[in-house]
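Student: The structure's right below; bear with me while I get my questions together.
Every read-out reported here was derived from the displayed coordinates using simple, explicitly stated rules and does not represent laboratory data. Just so it is clear, the structure is predicted and the values come from calculations on it, not from any experiment. Virtual Cβ from ideal backbone geometry, glycine too; neighbours counted across all protein chains shown.
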Amino acid sequence: MPLTEKQQRFVEEYLVDLNATAAYQRAGYKATGGAARADASRLLTNANVQQAIEIARAKQQEKTELNAEYVRKGLQREAELTGEGSSPSARVSALSWLGKHFAMFTDVHEVAGKAGSAIELNVKAIGNYARYFGLAGSDGGEAQAESVDRNGSEKPLDTPSTNGKAGGLPHHPRT
């Protein structure tokens, strides 16, 4: 189904700054505030609008020749640049962005759960929660953990990760 004139205008305006609410208003819709946000969000879920945005973005990338490969190559050139006009901080920043792009360093890890379903673990968040609840010291010391059996009785946690020691998680000295 073809887009209405306002929907087409919304697509064009959305590509300017990827701000759906502002694009909604610039396209000529009358809603403001929370209603504009809700209506713009609803418009973004319209399959015809989504398809028009995808097509327009592809045309935009083709016209500008700006795509992920172009950006990756530019970052790599910056990361490898040395001598006059180069900047150590720009090299570090470019390497950081490249590392993020290739997911070379992440604090979120995926492990398999029951029936092979994926479970994401945010290591930093888990560490912060452990310190908050007193399960690990801020100095990286041994964490104390207990489990509750089916009767509700607490008992020391004894898992392979505790190296056979009941009552805590292993201590990993900082290097």
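Student: Take the alpha carbon atoms of the stretch 74-92, find their center, do the same for the stretch 37-70, and report the distance between the two centers in whole angstrom.
Tutor: Value for the Cα centre distance between the two parts: 32 Å.
Student: What is the sum of charges around Leu3, taking Lys and Arg as +1, Asp and Glu as -1, for the other residues whose C-beta is under 14 Å from the C-beta of Leu3? Could the numbers behind the result be given before it?
Tutor: Working: positive: Lys6, Arg9; negative: Glu5, Glu12, Glu13, Glu54.
It works out to a net charge of -2.
Student: Still on this structure: Counting only Cα atoms, I'd like the Rg/Rh figure for the stretch 13-64, Kirkwood definition for Rh.
Tutor: That ratio is 1.01, to two decimals.
Student: At a 10 Å Cβ-Cβ cut-off, how would you order Glu12, Glu84, Glu5, fewest neighbours first? Walk me through the intermediate numbers first.
Tutor: Numbers: Glu12 15, Glu84 5, Glu5 10.
Ordered from fewest to most neighbouring Cβ atoms within 10 Å, Glu12, Glu84, Glu5 come out as Glu84, Glu5, Glu12.
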